1. Once you put a point 7 Å from the Cα of residue 55 and another 7 Å from the Cα of residue 19, both along the Cβ direction, what distance in nm separates them?
2. What Kirkwood radius, in Å to one decimal, follows from the Cα pairs of the range 58-110?
3. If contacts are Cα pairs under 8 angstrom and at least 6 residues apart, what is the relative contact order of the range 58-110 in percent?
4. In nm, give the distance between the simple-model label positions of residue 87 and residue 105, each being 7 Å from the Cα along the Cα-to-Cβ direction.
5. For residue 83, list long-range residues whose amide hydrogen, built 1.01 Å from N in the peptide plane, is under 5 Å from its own amide hydrogen.
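Read-outs throughout are calculated quantities, based only on the coordinates presented, and are distinct from any laboratory measurement. Note that the structure is a prediction, hence the values are computed from the model and not measured. For neighbour counting, all protein chains shown are included, and Cβ atoms are generated from backbone atoms with ideal geometry for every residue, glycine included.
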Amino acid sequence: MAFDGQLLALVIVLGVVAMLTLLLRWTFGRDTPRTVPGWPPDPDAPTKQPVDEDFGLLATAATADSHAEAQRIPHLLGIAGIKATTTKDASGQWRVLVFSDQVHRARRVAGGF
């Protein structure tokens with residue numbers, strides 16, 4: 001008799017798992033590929049919204065006209081031990097940002113940029 005109870009419990013559990021599987025496939029399965037327009041973003045495309053010029057603890061150490069040029073500057077600063085990142089401002093120009101306490105040193109290292 002105990003065997004019948006275990007068999008019934010097993011059938012119920014497998015049925016619930018099968019129902020959940022079907023429900024999740026119906027919910028998350030799609031025939032069309034899920035693509036987001038504009039992703040990944042083109043780094044040289046102009047920004048659509050003006051970017052706030054306040055970067056908090058970061059300050060602009062250098063500017064560049066292209067993404068490739070802007071990526072070279074943080075690499076150069078990294079060799080000098082300065083952490084840097086890049087962002088694009090509202091005018092489409094790339095900015096190299098560093099912490100405010102390192103901005104003068106970073107500008108000397110970046111030199112011609």
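1. 5.6
2. That comes to 10.6 Å for the range 58-110.
3. Relative CO of the range 58-110 lands at 48 percent.
4. In this crude label model, residue 87 to residue 105 measures out at 2.2 nm.
5. Amide H neighbours of residue 83: none.
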